[in-house]
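In what follows, a structure is listed as structure tokens, so that the remarks can point back to it.
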Amino acid sequence: MAQKEKAILAYSGGLDTSVCIKWLQEKYDLDVIAVVGDVGQEHSGLEAVKAKALATGAVECLVVDMRETFAAEYLSCAMAANAMYENKYPLVSALSRPLIVKHLVDAAHTYGAKYIAHGCTGKGNDQVRFEASILMLDPSLEIIAPVRDWDLGCRADEMAWAEAHGISVPTTQASPYSIDDNLWGRAIECGVLEDPWAEPPADIYTMTTDPMQAPDEPTYVEVSFEAGIPCALDGKAMSFLDIVYAMNDIAGSNGFGRIDMVENRLVGVKSRECYEAPGALALIQAHKALEDLTLERGVLHYKLGIEQTWAEQVYNGLWFSPLKEALDAFLANTQQCVTGTVKLKLYKGNCTVVGRKSDYSLYNYELATYDATDQFDHQAAKGFIDLHVLTCKEWAKNRLDMGVDLHQFKAVASTADEFTATNSAVVEEAEAVMKAADKVKA
Ligand code: ARG
């Protein structure tokens, strides 16, 4: 008998990816090799997940501990970028996808598989991240997205199909939420959360304590960084990976790290998403505070724009893009002196930076102080201001000579009516100018 073609499947152990195994066998007549990535997600044993993959019909199941690499090669870049999509979401899922894909592609090469399959729907960002990464790492591989393609209807139909195919389906009431989690945090969507007005129910959170139930005393923690990477907690040297785990506990138990947002997916829909990312948010906050102390102003300001572009690239599935690589080079360069310690105070849902220090500190007491040791040249400020404002002063003078009263210029309307009135006046004026210009032309 001729050997079957092989598919590598990104497997989680859940219903969707279990159905994928049977689906790939039945519809495509493929041998399925499941890959389970440990990226620090909550689980009750990945060996059981492997057993389920094999029981469901996978010919092989690889369980790969990706946590060290995730921290060292992925989260470290996210730290340097203070990565937050839309200034709020620390890219939890977006960061794990390219790493998982790397292992899928490796497995495809090891096993001589022609196909890679994933269990993402056709509505989310994750399908884009999986496929964009696969296409960049090995464009010769073919992608199968069973969940996007199948016509199994609703969840109940899918469960019926699964049962009929001997797949063990959850007997307990399935969670109404769609969850994805890893070391860097947890994403919760669907169910009642689809109403953006509905307050998130308490039961969606597992990494964070309700702030109202959090301890009545604050917790202080000192986070040390070496070239931008967390390297110690309270003076005790630890791996970045262990620090992430510890900060998830410390910040999470103080009720810090919850996010409730409406986010713009790449595929065009706005979706209501809830997250908890206690460690990530606390570490990014501490990292920013250390950058405030150690980065020269020009670099710090320029970096803000780079950070936003970096987050967008990664959110949009372009981890392996040349732009993202070039931005990483910039970011790495900025981190050389981001070494020092930040003191955080965690209390009932809040995380506050209450101290920072560094051998590379650019904070100069003699320049900053208002006391007698002040070294700042106050007189130099006068000439500085004259030159600083020179071009604008010339412009303003010109406007005044033309009789334009700068105070009359309404940049901001305080009511909607005023806004419309101001704008229609501007449009009318523009039209008049255009008409006049046409006349001149004619
Ligand atoms: N909206 C987030 C993102 O695009 C989280 C996605 C989580 N995935 C899931 N299957 N729940 O990164």
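Largest accessible area first, the listed residues Ser239, Ser44, Ser12 line up as Ser44, Ser12, Ser239 when surface is computed with a 1.4 Å probe on the assembled protein chains.
Spherically averaged projected area of the convex hull of Cα atoms, the range 218-295: 6.7 nm². Which of Gly268, Gly355, Gly119 moves the most in a Gaussian network model of the chain with Cα springs under 10 Å? With Cα springs under 10 Å in the chain, the top fluctuation among Gly268, Gly355, Gly119 is at Gly268. FRET efficiency for the pair Val169 and Glu60, taken as 1/(1 + (r/R0)^6) with r the Cβ-Cβ distance and R0 = 35 Å, rounds to 0.90. Expressed to the nearest 5 percent, the antiparallel share of DSSP beta bridges inside the chain is 70 percent.
Using a 1.4 Å probe, what is the accessible area per residue for the chain, in Å²? Could the numbers behind the result be given before it?
Numbers: 23490 Å² over 442 residues.
Accessible area per residue, the chain: 53 Å².
Computed from the C-beta positions of Tyr365 and His388 and an R0 of 30 Å, the FRET efficiency is 0.75 to the nearest 0.05.
Placing R0 at 51 angstrom, the Cβ-Cβ distance between Ala396 and Leu135 gives a FRET efficiency of 0.40 after rounding to 0.05.
Would you please put 25-35, 383-393 in order of how densely packed they are, using the mean number of other Cβ atoms within 10 angstrom per residue and starting with the highest?
25-35, 383-393
Of the cross-linked pairs Lys236/Lys348; Lys88/Lys324; Lys22/Lys123; Lys270/Lys345, those separated by over 30 Å at the C-alpha level are Lys270/Lys345. Each principal axis of the range 257-372 carries a Cα extent, and these read 59, 39, 21 Å when sorted largest first.
Between the helical axis of 92-111 and the longest alpha-carbon principal axis of the chain there is an angle of about 40 degrees. Taking square-rooted eigenvalues a ≥ b ≥ c of the alpha carbon gyration tensor, is the range 96-213 rounded, prolate or oblate, where a/c under 1.5 means rounded and, failing that, a/b exceeding b/c means prolate? It comes out oblate by the Cα gyration axes. Comparing Asn364, Asn182, Asn248 in a Gaussian network model of the chain where C-alpha atoms under 10 Å apart are linked, the largest mean-square fluctuation is found at Asn364. Ordered by 1.4 Å accessible area with all protein chains kept, His407, His287, His378 run largest first as His407, His378, His287. If you roll a 1.4 Å probe over the range 236-384 with all protein chains in place, what percent of the accessible area is carbon or sulfur? Here carbon and sulfur together make up 55 percent of the probe-accessible area. On the range 1-87, 47 percent of the accessible area sits on carbon and sulfur atoms, based on a 1.4 Å probe. In the chain, Cα pairs under 8 Å separated by at least six residues give a relative contact order of 15 percent. Among Gly298, Gly317, Gly124, which one shows the biggest mean-square fluctuation in a GNM of the chain, springs joining Cα atoms closer than 10 Å? Most flexible of the set in this elastic network: Gly298. Kirkwood hydrodynamic radius, the chain, all distinct C-alpha pairs: what's the number in Å? When all Cα pairs of the chain are included, the Kirkwood radius is 25.5 Å.
Annotation note: trypsin sites (Lys or Arg not before Pro) in the range 105-191 located in DSSP loop regions with a Cβ neighbour count of at most 16 within 10 Å are Lys114, Lys123.
Modelled label positions at Lys345 and Glu217, each set 7 Å beyond Cα in the direction of Cβ, lie 1.5 nm from each other.
Compared with the dominant principal axis of the Cα atoms in the chain, helix 416-441 is inclined by about 70°. By a 1.4 Å probe calculation restricted to protein chains, Cys154 has an accessible surface near 70 Å², given to the nearest 10.
Give the peptides 323-333, 101-111, 72-82 in descending order of average Cβ contacts within 10 Å, highest first.
Working: 323-333: 14.6, 101-111: 19.5, 72-82: 22.3.
Ranking the peptides 323-333, 101-111, 72-82 by packing returns 72-82, 101-111, 323-333.
Ranking Arg258, Arg297 by solvent-accessible area of protein heavy atoms (1.4 Å probe, all protein chains present), from largest to smallest, gives Arg297, Arg258.
Grab the DSSP H runs of the chain that are 4 residues or longer, score each as -39,500 (n - 2.57), total them, divide by all residues and round the 222 nm result to the nearest 500 deg cm²/dmol. If you can, show how the numbers build up before the last one.
On the way: 14 runs with 193 residues, N = 442.
The helix contribution divided over the chain gives -14000 deg cm²/dmol.
Taking 0.36 nm per residue of separation and subtracting the Cα-Cα distance, full extension of the segment from Glu42 to Ala432 would add 133.9 nm. Relative to the longest principal Cα axis of the chain, at what angle does helix 46-56 sit, 0 to 90 degrees, rounded to 10? It works out to around 50 degrees. Here's how it looks for Leu62: its modeled amide H is under 5 Å from those of Ala34, Val35, Val36, which are all 5 or more places away or on a different chain.
Among the chymotrypsin sites (Phe, Trp or Tyr not before Pro) within the range 164-236, those in coil by DSSP and having at most 15 neighbouring Cβ atoms inside 10 Å are Trp197.
The values are calculated or read from the model by the stated rules, or taken from the named source; none is laboratory data. These numbers were taken from a predicted model, which means no experiment stands behind them. Here Cβ is always computed from backbone atoms with ideal geometry, including for glycine, and neighbour counts include all displayed protein chains. The accessibility values were calculated without ligands, DNA or RNA, using every heavy atom of the protein model including side chains. Shrake-Rupley method; radii C 1.70, N 1.55, O 1.52, S 1.80 Å.
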